[in-house]
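Worksheet for the structure shown next.
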Amino acid sequence: MSFTVAIIGRPNVGKSTLFNRLVGKKLALVDDQPGVTRDRRAGDAKLGDLHFTIIDTAGLEEGAAETLSGRMRAQTEAAIDDADAIFFVMDARVGVTPEDRHFAALARRAGKPLIVIANKAEGKAGEAGAYDAFALGLGDPVALSAEHGDGFAELYGALLAALPEETALSEDEDDARPALVLADDEDGSELDPTKPLRIAIVGRPNAGKSTLINRLLGEERLLTGPEAGVTRDSIGVEHFWRKGERDDARRSAYAGTSVERALKVFDTAGLRKRARVDDKLEKLAAADALRAVKFAEVVVVLLDATIPFEKQDLTITDLVAREGRALVIALNKWDLIEDKSAKLIELREEANRLLPQVRGAAVVPVSGATGQGIDALIEAAIKAHEIWNRRISTARLNRWLEGAIDQNPPPAVAGRRIKIRYMTQPKARPPYFVIFGNQLDELPESYQRYLVNGLRQTFDLPGTPIRVTLKQGDNPYAGKKRR
């Protein structure tokens, strides 16, 4: 049982709200302002015992092909082509509009099974509009409320009727279908050892994030353009990567072998200085980008090579380090740089100077326009992920610690030497170390940096955030008077 359904309709009819309800998570941005969604977003939907792929799309609008609305419409048409069925959504509180009639004709020409959904049909205000949907001539409408969860039993039945073969139970399945239950918020993907490597691409507006991902995929999957702030939602796309092979026919020959790597790459909205953001939608888009960073394993901070290491670039990189994600720095628009060798050496030295908290992070030149450096970027992301997961045995750690202390002992406080007894690594992702000893609350920051830099150099941990916690034993004589 596997099929795909695209949600289409004019702007502000509740397509993203319906998408979120079916996937059981607030993945798509939702606001009262029309035109929030611009790209197409796929998600794993659940409706009763039906599990399928649902695609949220931008609102259908007229516009020339080269305009933003025209490019958004092209993304919606691509979603229709990929779908097995279509949910055509209209606003029951507004009723059928001329735009609904125009785009209903477009949906009819697609030749796909189609279900008309009269959304916002709760209460008396929506009843008349739901009946008005019969005028579209697309069959019996399903009246529901995506926001309140009403009417999904009827949608379940309509989907069974529209796709009888795709929704039919196999012979080894139970004949009795379970009661209707919508998707919940649980996600077991984190427990799946075969899950793809999650990579988030972040950076300032117009750094070329969507263009770079399109070049990686080998298709115009994401909406791009010269306008700043085109991307709003954090869109995740799955991809199988093999070095030097971005051709589907060749890639299939290597399926299941060790040279192939499953990826899930997230495109995000550009992040500006918080003081400059006053638009509500931009705030929502920025929050969605930060959420993508928190749930990623590797974050690629994409810089414009012609104006690298702006203050906002450093702020974004510091945010990634504080979140504890594996980090790769990518220099986009490298095709515009003249003296490439000298410039790369200069920028790598500058990265170590300006970002000491992630010293040694990979700095990779790329070009979304030409495809230069994309294989090197993915290789760097895979290596960063490996370092991020690295564990070091307690025995090795303490042999190193003994030598580090002998070479540079901790300072004395009030005539008493700070004593470091031993250390261990309880977990990775990122590497996390605990140091035990006495008077550690007096251990200077400079000495902690000395230990962190020693860990990086000795155990090959470049670029990854390192967490260190200091623990000291209780003083058994604290609070007791001398006799």
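The values are calculated or read from the model by the stated rules, or taken from the named source; none is laboratory data. Quick caveat, the model's predicted, so the values are computed rather than measured. Cβ coordinates were reconstructed from backbone atoms using ideal geometry, including for glycine residues, and neighbour counts include every protein chain displayed. Just the protein is used for accessible areas: all its heavy atoms, side chains included, with ligands, DNA and RNA removed. Shrake-Rupley method; radii C 1.70, N 1.55, O 1.52, S 1.80 Å.
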Taking R108 as the residue in question, decide whether it is closer than 26 Å to T224 by Cα and open to solvent by 10 Å² or more (accessible area, probe 1.4 Å). no
Residues of the range 343-370 being small (G, A, S) and crowded, with 16+ Cβ neighbours inside 10 Å, in sequence order, are A351, G360, A361, A362, S367, G368
Within the range 132-153, track down each residue that is within 18 Å of V94 (Cβ to Cβ) and of a type in the set (A, V, I, L, M). A133, A135, L136, L138, V142, A143, L144, A146
Can you tell me which of Y131, Y156 is aromatic (F, W, Y) and open to solvent by 40 Å² or more (accessible area, probe 1.4 Å)? Y131
Taking interchain pairs and intrachain pairs at least six residues apart, which have beta carbon atoms under 7 angstrom, with the first residue in the range 38-65 and of a type in the set (S, T, Y) and the second part of a strand (DSSP E or B) and open to solvent by 10 Å² or more (accessible area, probe 1.4 Å)? T53/T4; T53/A42; T53/D44
List every residue pair whose Cβ atoms lie under 9 Å apart, where the two residues are 6 or more positions apart in sequence or sit on different chains, the first residue falls within the range 147-159 and is on the phi > 0 side of the Ramachandran plot and outside any helix (DSSP H, G or I), and the second residue, located anywhere, is open to solvent by 40 Å² or more (accessible area, probe 1.4 Å) and aliphatic (A, V, I, L, M). G149/L182; G151/A143
Has the range 181-199 got any residue that is among the β-branched types (V, I, T), at pLDDT 75 or above and under 32 Å from the mean Cα position of the chain (by Cα)? yes
I'd like to verify a number: residues in the range 117-146 that are in a loop (DSSP other than H, G, I, E, B) and under 13 Å from V13 (Cβ atoms), how many? 5
